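Peer 1: Questions regarding the structure given below will be posed in turn.
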Amino acid sequence: MRTRNHLGILVLFLSLACPIVQAQSAPISPARPVGTGPSAHLSASATAQVTQDWLVIRLTVQKEGASASLVQTQLKNVIAAALSQAQAAERVQNESPSQALQISTGQLQVSPRYNNEGKSSAWAGVAELIVQGRDLERITALAGRLSGLSVSQMEWKISPDLLAQTEAKLQGQAVAQWRAKADALTQQLGFSRYSIGEVSLGSPGSGQNFEPRAMAMAMMDASPDVRGAPIPVQAGQAQITVVVSGHVLLQ
């Protein structure tokens, strides 16, 4: 009878201890989270060459004088007269904002000039007017006849409209290439299908061309008759690229 009691106690002890052992050992080999498995990161891109259609011309005036206020007044007078002349040309035609001639003022800076003894001997200043847009004929003609100002820099860009249209077209091409890569990889690795994880789109930007600095300096020294003529320009080519990258989960 005593032996049977001992066996009963032992069976009861083991039945209570086993769940404790199982509960402690369960975290050692956790189940695989849902959605995990073989994956790959793919990227594809599409590129196009476009002709830059937005011209930015910077015109400057430089003055020197005995006082800062005198130089500043001279700069303001030249800029005010040129701005009035440019605004009159801007209102010639009623057109859409994307085609409009855009005019804005740039820097206006006055600083002291020092002699060999380190003392202020005079003041010098520079002011800037910026003319830009897509109508190259009007822009170059206006920049050539603005009195008191000389061309300091010309910069070619891609207009926002052309950039948006080109990127939209390239995005479709890049996505199609990305999907083709995902299909090919799935078959080559022996999987039946794939699901798309995180995907990102990006554009590294577009190139810009600058007119030679020598041309700008030549315009500064040109005679009044030459300065009144339209400025010769030639648009360059720029590259636009759209990149698609992301993960695929192979199944």
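Read-outs: derived from the displayed coordinates by stated rules, not from any lab. As the structure is a prediction and not an experimental result, all values here were calculated from the model. Counting neighbours? That spans all protein chains shown, and the Cβs are built from the backbone with ideal geometry, glycine included.
Peer 1: Dipole size in debye (nearest 20) for the range 159-205 around its Cα centre, Lys and Arg Cβ +1, Asp and Glu Cβ -1? Each step should come with its number before you reach the end.
Peer 2: Values: 4 positive and 4 negative charges, 42 e Å.
Dipole of the range 159-205, to the nearest 20 debye: 200 debye.
Peer 1: Please give the FRET efficiency for Asn115 paired with Gln49, using the beta carbon to beta carbon distance and R0 = 41 Å, rounded to the nearest 0.05.
Peer 2: The pair Asn115/Gln49 has a calculated efficiency of 0.15.
Peer 1: What's the FRET efficiency of Gln187 with Glu155 using the Cβ-Cβ distance as r and R₀ = 45 Å, to the nearest 0.05? Walk me through the intermediate numbers first.
Peer 2: Values: r = 48 Å, r/R0 = 1.08.
The pair Gln187/Glu155 has a calculated efficiency of 0.40.
Peer 1: So between Glu64 and Gln87, what do we pick up on full extension, going 0.36 nm a residue minus the alpha carbon distance? Walk me through the intermediate numbers first.
Peer 2: Working: separation 23, 0.36 × 23 = 8.28 nm, distance 2.69 nm.
Difference between extended and current length: 5.6 nm.
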